[in-house]
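This report refers to the structure that appears directly beneath it.
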Amino acid sequence: MSNIRVNIDDALGTVSERAVEAMATEVRNSVRTLVEGTGEGNDFLGWIHLPEEIDNSLIDDINATAARLRSECEVVVVVGIGGSYLGAKAVIEAMTNPFEETKPRVVFAGHNISEDYLAQLQQYLEGKQFGVIVISKSGTTTEPAIAFRLLKAQLEAAAGKEAAARRIVAITDAKRGALRTLADNEGYTTYVIPDNVGGRFSVLTPVGLLPIAVAGLDIKALVEGARARQQAMLAGSDKSAEVYATTRNALYRSGKKIEILVNFNPRLHYFGEWWKQLYGESEGKDHKGIYPASVDFSTDLHSMGQWIQEGERTIFETVISVANVDHELRIPTDAENLDGLNFLAGKRVDEVNKMAELGTRLAHVDGGVPNIQVTIDRIDEANLGALIYFFEAACGISGYILGVNPFNQPGVEAYKRNMFALLAKPGYEAETAAIRERIG
Ligand code: PA5
């Protein structure tokens, strides 16, 4: 099984071991609430057993669709926002050489409403064979709907309606929503997002699996990594998610309101973005919740490092530590040694990075920033699958410890209401009148 080790030694001190232990009953109750499905949001717990329930025929089917898109397309555009894109983006970024031209190239759209972004994307796609994977659980989200309208029109104009329909795959609800109706009408290949799996917990459904497979990655290994972690956690032999959830809540109660997810490997940048959505949308409710932030070190040690070392003491760090990297690169000797770095000659770059990691941890702990270390063996599909499941499980437990419903997101509706009112969407007449009066 892919190993995940959680070390809280450098968090203790800010919170005592006794304070963490005192939460034991509360934590046990939260785990029970989650696993037995007796808490708020219990109609969205499908992700708990998902890795075990994904059968090989679905994986084979997804791989076959991916192979078709890979052979027919130079570019595949994945259209989605929030949970409908971040998981796939995180895994693809972690597993792809950023300097290599890939075929197909997987790009993303529908996660913003930027005219510049969409126009530049359309320019880039001009003259290229491209396909589209459009993902929306509700089937009504504005950002992906706008992007999809544009891309569908472009593809149909370039390839003809029939060929375009072959190169569009829709991932949405089994029965409901505008995207389901459109996909059925147009005869697109479709995959279903299970009713009981919310967007930010959906990376191990076709939402994440199809784009990841199109990028040429091993989705079977990803699912198996998650499955092993699921089995160990549900059997009670793996307590890592509980330890992490407990410690971050103990820190929160001691005044540490901001958690910074740290990586020392840029491959994990988007994993941080996925994590921020998972925790931010799950926990930020009822005027409560740890604010999830993320940094890439050592890059951001030259920007945010100063704030973290000496700014307001309301933060703690969770470092995703990677034990082994995939390449071996040694620092060369230089005859002139003008940079004075010959003392490093012959050492691996990763050894220097590891010392930067250790040195940073010690400095930040000395500066009053508690540290949780989450170590994985290496960055590969199996470990990423395990890490995804670990953070999802910890998020469910943590939300219940905090006393919120971790599986809804009522707060994201507020901006939509205003946007629709400002744009005079039919049905919003009263809101339009009210907001126009407000802004004058
Ligand atoms: O976690 C969530 O539920 C959200 O972030 C959604 O994934 C996001 O809003 C996109 O929704 P949809 O897939 O319905 O377009």
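Restrict the check to the stretch 20-36 and report whether at least one residue is hydroxyl-bearing (S, T, Y) and touching a strand residue (DSSP E or B) at 6+ places or on another chain (Cβ under 8 Å). Taking every residue of the stretch 20-36 in turn, none turns out to be hydroxyl-bearing (S, T, Y) and touching a strand residue (DSSP E or B) at 6+ places or on another chain (Cβ under 8 Å).
Of all residues in the stretch 44-66, those satisfying the criterion of being in contact (Cβ under 8 Å) with a residue 60 or more places away in the chain and either over 23 Å from R227 (Cβ atoms) or small (G, A, S) (or both) are G46, A66. Please go through the stretch 110-120 and pick out each residue that is touching a residue at least 12 places away in the same chain (Cβ under 8 Å) and either away from the ligand (no atom under 13 Å from the Cβ) or surrounded by fewer than 24 Cβ atoms within 10 Å (Cβ to Cβ) (or both). Passing the criteria: H111, N112, I113, L118.
Yes/no matrix, rows are residues, columns are (1) at pLDDT 95 or above; (2) part of a loop (DSSP other than H, G, I, E, B); (3) among the polar types (S, T, N, Q):
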| position | (1), (2), (3) |
| --- | --- |
| Y389 | yes, no, no |
| G399 | yes, no, no |
| V404 | yes, yes, no |
| G411 | no, no, no |
| Y415 | no, no, no |
| R436 | no, no, no |
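Taken together, V207, V223 contain a single residue that is away from the ligand (no atom under 15 Å from the Cβ), surrounded by 18 or more Cβ atoms within 10 Å (Cβ to Cβ) and closer than 29 Å to R68 by Cβ, which is V223. The residues of the stretch 121-145 that are part of a strand (DSSP E or B) and within 16 Å of the ligand (Cβ to nearest atom), listed by number, are V132, I133, V134, I135, S136. Being within 12 Å of the ligand (Cβ to nearest atom) and surrounded by fewer than 17 Cβ atoms within 10 Å (Cβ to Cβ), is that true of even one residue in the stretch 227-235? Checked the stretch 227-235: no residue is within 12 Å of the ligand (Cβ to nearest atom) and surrounded by fewer than 17 Cβ atoms within 10 Å (Cβ to Cβ). Scanning the stretch 123-144 for residues that are surrounded by fewer than 21 Cβ atoms within 10 Å (Cβ to Cβ) and under 19 Å from K89 (Cα atoms) returns a single hit, E143.
Note on the stretch 215-245: residues that are more than 30 Å from I133 (Cα to Cα) and in a helix (DSSP H, G or I) total 10.
Scanning the stretch 146-168 for residues that are within 15 Å of the ligand (Cβ to nearest atom) and either polar (S, T, N, Q) or surrounded by 18 or more Cβ atoms within 10 Å (Cβ to Cβ) (or both) gives A147, F148. When the stretch 305-320 is filtered for residues that are crowded, with 17+ Cβ neighbours inside 10 Å and either touching a Ser or Thr at 6+ places or on another chain (Cβ under 6 Å) or outside any helix (DSSP H, G or I) (or both), the ones remaining, listed by number, are I315, F316, E317, T318, V319, I320.
The residue list S114, S136 contains one member that is farther than 26 Å from F407 by Cβ, under 23 Å from the mean Cα position of the chain (by Cα) and among the small types (G, A, S), which is S114.
The values are calculated or read from the model by the stated rules, or taken from the named source; none is laboratory data. A quick note: this is a predicted structure, and the numbers were derived from the prediction, not measured. Don't worry about glycine lacking a Cβ; one is built from the backbone with ideal geometry, like all the others, and counts go over all protein chains shown.
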